[in-house]
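Notes follow the structure.
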Ligand code: ADP
């Protein structure tokens, strides 16, 4: 399956973006107009200054070296110019030096200000996109848009930067150079200028042809890049399976094929690209040759060739030959400029497409106060389906009219087969999604009426797989309660039964974990999550029990730490090992989104229904009584 060929749900938003480039300039350019203008002006001055030395050279040749002509410079009043030949020579030398200095200085000014502008926009776009992403609801991430968001944050901001910096400034250079050179040539000798400048339209046409031809090849190449990336990502993620099934050769074959496709498509682009530049130079060369031929004949015969009239000086001839060669570089940028513009346009569509996605779950307009809550949790006849707002999506109802109550400090456990809707129910409590009908309330307040941050900071979550951020153990325990003291962190770890293993690590609480740090086992990670929850001390707790197999000792440590945190908190628990929820005040047996049985452990066993049979299956493999004894004996 090649993901780049199909419409992602994201595209729908992208297509609704109106005039993305205008919006880019209005939204992000306006505050940086100063740098932008300075860059433009500096670029203009730097480019104009490059025309001065050849022009002065021509004047000097005619007035000093060959002699006979007046020492006169365009745009400069003759009264300002020296009359003595040696002074004219000195003036020329100084003026040429000043021109070079001006170019150097203003190129520097332009470089700095253009980049301050471009990178400033890039920085702002990046931060805004990330902020937007942080505030999007979970439905967005369910549709696996994270790759897409990463692409916006990395590639698209870069495309914008490249356009705002390179392309914008190059188009400025193009205008200045072509107009400036044409102006100078026409001023010096309009007839010869026609001979020289016939190449400019030819170059434009050639560029147009090149762009048209190369575009479909670019499209194929980009798709080959995406294809290879998907292939590599997939193959690397699946390396376990590949090894276990001895399918390395198969994987290598697939990657080779994708890589070969990219090679072929890239070569198809390059073959054309490398035709373009020499082609442009050839056209410029023809213009040069024609200028040299006509101008040369003009000078040698001392009379205008063919239909031409008037005179040509040696100095003007030299200026023509110099400037003809200057016209290639800016013109050769045309295809890049257009390409970068197209890329930037697509990128800003993606950026604003992301920005325009509705946040979904949002704070209410007038949030009710929500502190000092006791933790009475109530699910009142709620129904829910994951009908994603991004896609048309199938509306399959996942939970059907579910009701239950948990009094402060009580534990309600959800059990049932995979896919029954247990995790979904708990996500609704965190308001990662909003219910379709019914209401979830805490202490009688509908959770849609309080601030999301208030709601979520009053709920602790200990999940199956605990993510650790890159950083120290202490940082990870402190995550969410950032102002906790070292002492509080240690105390929390002690309660979570994590202190002991942490102190045995090389740097104790300062040991680096996460991507670039030491690897912790699932049980250790979970105890860190528990310590995090102890520290946050929320009145309500969500417990999604680990299914991973751990040795009995670790399991007991985890159980003890869980007992410590559930004691005086309202706890909603998803349990796989039924032994852990024996003491729950209420057990809900969920099947296909409906509560099929409810009651405490004893009641449910007596009923001899779904729960009892689940219990009997598990009791066969685990000696619960022995386990309970071990737990008690340790206290
Ligand atoms: P459990 O936790 O009991 O295993 P879940 O709550 O994870 O069950 O899933 C309940 C149902 O909802 C399943 O049919 C599952 O496929 C579906 N489901 C879960 N998460 C999503 C999601 N993010 N988007 C769409 N459907 C989902």
Given C-alpha coordinates of the range 92-165, what is the ratio Rg to Rh with the Kirkwood estimate of Rh? 1.35
What FRET efficiency, computed as 1/(1 + (r/R0)^6) with R0 = 25 Å and r the Cβ-Cβ distance, is obtained for residue 289 and residue 37, rounded to the nearest 0.05? 0.05
Using the alpha-carbon atoms, what tilt in degrees (0 to 90, nearest 10) does helix 199-237 show relative to the longest principal axis of the chain? 20 degrees
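Among 50-60, 255-265, 173-183, how do they line up by average Cβ neighbours within 10 Å per residue, starting with the highest?
50-60, 173-183, 255-265
If the convex hull of the alpha-carbon atoms of the range 95-216 is projected onto planes in all directions, what is the mean projected area in square nanometres?
11.4 nm²
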Cα principal axis extents for the range 189-274, largest first, Å: 78, 17, 16
Cα-based convex hull volume of the chain per residue, rounded to whole Å³: 229 Å³
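Divide by every residue of the chain the summed helix terms, -39500 (n - 2.57) for each DSSP H run of at least 4, and state the resulting mean residue ellipticity at 222 nm, rounded to the nearest 500 deg cm²/dmol.
Helix-only estimate at 222 nm: -19500 deg cm²/dmol.
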Degrees, to the nearest 10: 486-495 long Cα axis against longest axis of the chain: 40 degrees
Using only the alpha carbons of the range 11-355, what is the convex hull's orientation-averaged projected area in square nanometres? 23.5 nm²
If I take R0 = 22 Å and measure r between the Cβ atoms of residue 219 and residue 325 in this structure, what FRET efficiency does the formula 1/(1 + (r/R0)^6) give, to the nearest 0.05? 0.05
Using square roots of five times the C-alpha gyration tensor eigenvalues, list the equivalent-ellipsoid semi-axes of the range 513-613 in whole Å, biggest first. 29, 16, 13
Between residue 64 and residue 516, what is the label-point separation in nm under the 7 Å Cα-to-beta-carbon projection? 5.9 nm
Going highest first, how would you order 368-375, 207-214 by mean Cβ packing within 10 Å? 207-214, 368-375
Give the angle, between 0 and 90 degrees and rounded to the nearest 10, that separates the Cα long axis of helix 552-566 from the longest principal axis of the Cα atoms of the chain. 90 degrees
Contour minus Cα-Cα distance for residue 269 and residue 16 (0.36 nm per residue): 88.0 nm
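Throughout, read-outs are computed from the coordinates displayed, never taken from laboratory work. Treat the numbers as computed from the prediction; the structure is a model and nothing was measured. A quick note on method: Cβ atoms are made from the backbone with ideal geometry, for glycine too, and the neighbour counts reach across all protein chains shown.
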